[in-house]
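Just so it is clear, none of the values below were taken in a lab; they were calculated from the coordinates. Since this is a predicted model, take the numbers as computed values, not measurements. No Cβ is skipped: glycine too gets one built from the backbone with ideal geometry, and neighbour counts run over all protein chains shown.
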Amino acid sequence: MKKRMTIVVVSIIITFCVACVPEKIEATSAVNPPAMTITPLLGSWILDLDGDVMLNPQTSGLKYDNGYLYSLSDASADISQVLRLHQISMKDSRVVNKFGPSVFSERVKRSCFFDYLVNKPDYEGLAPIAGEDGAWIFVTEDASRSEQLSETCQQQYAKTGSTAFPTLLVRLQLMDKKLEVTHVRPVQFPAAAEVGDFPNDGIEGLTFTKDKRLLLGLERDANKQPRVFEISVDDSFWQESGFAQVRDSQLLLPSFEQGNHPINGMDVFYPTSSSHGYLLAVARNDNELWIIDLAKQKPTKRIKLAFSAPSNMTQNTNEKVCEATHLMNNASIEGVTVVNDYVWMVNDPWKMNYRKNVVCPMDKYRYQKMAPLLFKIKIDDSWFD
């Protein structure tokens, strides 16, 4: 989603790297349940293969697999980033590999969606497929600026329950440096869910539970509420070409009377082996991490975050103007993944607002490049009380 901003206040703990960060700030919240403190997080600039910060990757989605973080780019990214899967080191926030652009199976080439996928698909979320080495599932969002489906395909896939051009679940297989799109399924939402027709407010969060349910986070429905849908992905899922019919997860999400409070990234965490698990979802406009009980017993906890970035300090930097770190005016977190006891996050620079983050003149270059950062927060047992 490109993008909206709502200013909110409030919630709890820890930083990314060692540096100065703001003290915790006491505050209140008007929406359930209230958060009590703001947790400051200091990010780390992601460095591309050339050692410079990344050029406008529009980092939509973040997941962990086999020792690395992975992110992808949406359709509004620089052309050098589109259709690439970025492999990122957690040790130093460096891109170590870029996979793509994609090649396509004959099955996908014969599908109604090949023309869209071969050009600039708006990939907005990703998840590794457990038990299938190198296999990924991506989800698309906005196809309103793309060539529309043929008349035959429009008739076949008309009943999406949402937008005219369906949301797509796309399976990709990573083999060495090759990224092959092997299968594609269009998504159908239940009519009773009242998802609405909002091409730029679709599915952005994507993650699997341990029982192979795929959870899909919707930014907003027709009533401006965030939603989570789900579908079981078994061995036969990709052998079908018809609609993948998702269902409402019925999770206990916060509800809002006004404003935009989208879910933009999410992952699952299990505090114990017997736990039903929790969905950890980021609400970008609110600078919040939501702790959502998958057992549907506890109300969602909302952890309020404040994001800071390292400044580009040099010998000529005016110390009266520039500090070693600066609080970001707009971070726009859009990717979340759990790695051991930490939640990692990546931001998706909002072109309209990203330059507002410039405090020190030396940082202007990074924000003009729409360069993203990584953040992390240690998981707190109290989140699951």
Quiz item: What order do you get for Val343, Val96, Val359 when you list them from fewest to most C-beta neighbours inside 10 Å?
Solution: Val96, Val359, Val343
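What number comes out for the charge environment of Leu55, summing +1 per Lys or Arg and -1 per Asp or Glu over other residues with Cβ under 11 Å away? Walk me through the intermediate numbers first.
Details: positive: Arg366, Lys369; negative: Asp48, Asp50, Asp52, Asp78.
Once positives and negatives cancel, what remains is -2.
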Quiz item: Based on the mean of other beta carbon atoms within 10 Å per residue, what is the order of 105-118, 132-145, most packed first?
Solution: 132-145, 105-118
Quiz item: With springs only between Cα atoms under 10 Å, which of Glu288, Glu124, Glu194 fluctuates most in a Gaussian network model of the chain?
Solution: Glu194
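If you count, for each residue, the other Cβ atoms within 10 Å and average over each peptide, how do 163-171, 330-338, 270-278 line up from highest to lowest?
Working: 163-171: 22.6, 330-338: 25.9, 270-278: 13.2.
The most tightly packed comes first, giving 330-338, 163-171, 270-278.
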Quiz item: Could you put Met352, Met54, Met370, Met362 in order, starting from the residue whose Cβ has the fewest other Cβ atoms within 10 Å?
Solution: Met352, Met362, Met370, Met54
Exercise. Among Asp201, Asp286, Asp234, Asp293, rank each residue by its count of other Cβ atoms within 10 Å, from fewest to most, as a rough exposure measure.
Key: Asp234, Asp293, Asp201, Asp286
Exercise. Mind giving me the FRET efficiency for Arg213 and Met313? R0 is 41 Å, r the Cβ-Cβ distance, nearest 0.05 is fine.
Key: 0.30
Quiz item: Spin-label point model (7 Å from Cα, Cβ direction): what's the Glu147 to Gln245 distance in nm?
Solution: 3.2 nm
Quiz item: Of Pro40, Pro372, Pro190, which is the most mobile in a GNM of the chain whose springs link Cα atoms less than 10 angstrom apart?
Solution: Pro190
Quiz item: To the nearest 0.05, what FRET efficiency results for Val118 and Lys364 with a Förster distance of 56 Å applied to their C-beta separation?
Solution: 0.95
Practice problem: Just flag the trypsin sites (Lys or Arg not before Pro) in region 294-385 sitting in loop per DSSP whose Cβ has no more than 10 other Cβ atoms within 10 Å. | Solution: Lys320
Quiz item: Which whole-number percent is the relative contact order of the chain (Cα, under 8 Å, 6+ apart)?
Solution: 19 percent
Quiz item: What whole number of Å gives the distance from the Cα centroid of region 289-310 to the Cα centroid of region 119-192?
Solution: 28 Å
Exercise. Would you compute, from DSSP H runs of 4+ residues alone, the mean residue ellipticity of the chain at 222 nm, taking -39500 (n - 2.57) per run and dividing by the full residue count, rounded to the nearest 500?
Key: -1000 deg cm²/dmol
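Work out the FRET efficiency for Ala324 and Asp50 from their Cβ-Cβ distance, taking R0 = 22 Å, and round it to the nearest 0.05. Don't skip to the answer; put the middle values down first.
Values: r = 25 Å, r/R0 = 1.13.
So the FRET efficiency works out to roughly 0.30.
Are there trypsin sites (Lys or Arg not before Pro) in region 172-257 that DSSP marks as loop and that have at most 10 other Cβ atoms within 10 Å, and which are they? Mind dumping the intermediate values first?
Working: sites: Lys177, Lys178, Lys210, Lys212, Arg213, Arg220, Lys224, Arg227, Arg247; in loops: Lys177, Lys210, Lys212, Arg220, Lys224.
Filter output for region 172-257: Lys177.
Could you work out the mean projected area of the convex hull around the alpha carbons of the chain, in square nanometres to one decimal?
Values: hull surface 73.5 nm².
One quarter of the hull surface, i.e. the mean projection, equals 18.4 nm².
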Quiz item: Which residues in region 325-339 place their backbone N less than 12 Å from a point set 7 Å from the Cα of Lys356 along the Cα-to-Cβ direction?
Solution: 328-332
Practice problem: In whole Å, largest first, what are the principal axis extents of the Cα atoms in region 292-385? | Solution: 55, 25, 21
